[in-house]
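See below for the structure under consideration.
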Amino acid sequence: MQRFHHQIRQDLAVLLGALNTVTEKYSRKDFDTDSALRSLLDKVNADYKDKGLPDRESQLQLLRAEWSAAEKGIDPCSGEKVTVRRGEMKASAMLKILRGLETVLREDYTTSRAKLEEAAAMIGQIIVAGYQEGILNDKLLQAVNTETEYLQLWKLLGADPNIALGQKRLLTMVSMPDIFLLLEEVVPPMVKGVAVLR
């Protein structure tokens, strides 16, 4: 079963917002930055665990372990107990962890967004193919407004064997709920384009 990329993108956007908040706290040297970072690490780790992504979860566990060591006064890089300039070591470890978190979240957000953009382009091609095959016309496309009508449109297009292949390929990239949301994004601008041409 394909992952629901609209939800993934939304969840990642929330986590990136939370990361920005902690980074701002770090820059201001707020007193609660330590606990805010710990809370963020827990939240991101739980999100990846819920989504069943053990590779990302292990990266997050490593970042959590690094922060746990720094909080105990152990340099995460050397593994040695720090007795002098402990605050500087913690600040340095925190910045490294914030950078690591940003890299993970940004990569996944960008990947999810790119999948949706690619899927939207494919849906546009499927609609155009529907026109070329005589399955769709302006009147039919302009009448589509509800979820039920989008489902009927999708089934109508799938009656053509070549278009059905494109639909199957699309389903290997994104989930069916993603496709319905993308249809709602792609079809209205095409309808407006049709109206402008008249």
At 7 Å along the Cα-to-beta-carbon direction for both D55 and T172, put a label point, then send me their distance in nm to one decimal.
1.8
How big is the shadow of the Cα convex hull of segment 99-198, averaged over all directions, in nm²?
7.3
How far, in degrees from 0 to 90, does helix 54-71 lean away from the longest principal axis of the Cα atoms of the chain, to the nearest 10?
20
So what's segment 23-88 giving for Rg/Rh, alpha carbon basis, Kirkwood Rh from the mean inverse pair distance?
1.03
Name the GluC sites (Glu not before Pro) in segment 29-135 that are in a loop by DSSP and that have at most 15 other C-beta atoms within 10 Å, would you?
E80, E133
For S68, tell me the accessible area in Å² from a 1.4 Å probe, rounded to the nearest 10.
40
Report, to the nearest whole %, how much of the accessible area of the chain belongs to carbon and sulfur atoms, 1.4 Å probe, protein only.
55
Evaluate the relative contact order of the chain (contact order divided by residue number), counting alpha-carbon pairs under 8 angstrom at least 6 apart; express in whole percent.
28
Once label points are set 7 Å from the Cα along Cα→Cβ at both T146 and L16, what is their separation, rounded to one decimal in nm?
3.6
Å² per residue, accessible surface of the chain at 1.4 Å:
58
Treat each spin label as a single point 7 Å out from the Cα along the C-beta direction, and report the K29 to C77 distance in nm.
2.1
Where R85, R64 fall by accessible area, highest first, once all protein chains stay in place (1.4 Å):
R85, R64
Read phi for every residue in segment 144-153 and hand back ³J(HN,Hα) as whole Hz from Karplus 6.51 cos²θ - 1.76 cosθ + 1.60, θ = phi - 60°, with x for Gly and Pro.
7, 9, 9, 4, 4, 5, 5, 4, 5, 4
Rounded to a whole number, the Stokes-Einstein D of the chain in µm²/s (Kirkwood radius over Cα pairs; 37 °C; 0.692 mPa s) is 165
Could you give me the ³J(HN,Hα) list for segment 16-22, computed from phi with Karplus coefficients 6.51, -1.76, 1.60 and θ = phi - 60°, whole Hz, x at Gly and Pro?
5, x, 5, 4, 4, 4, 5
Kindly flag which residue pairs out of K49/K168; K115/K139; K29/K90 have an alpha-carbon separation exceeding 23 Å in this structure.
K49/K168; K115/K139
Value of [θ]222 nm, deg cm²/dmol, for the chain, DSSP H segments ≥ 4, -39500 (n - 2.57) each, nearest 500:
-27000 deg cm²/dmol
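The values are calculated or read from the model by the stated rules, or taken from the named source; none is laboratory data. None of the values given here were measured: they were computed from a predicted structure. Neighbour counts run over all protein chains shown; Cβ positions are idealised from the backbone, glycine included. The area values use the complete protein model at the heavy-atom level, side chains included, leaving out ligands, DNA and RNA. Shrake-Rupley method; radii C 1.70, N 1.55, O 1.52, S 1.80 Å.
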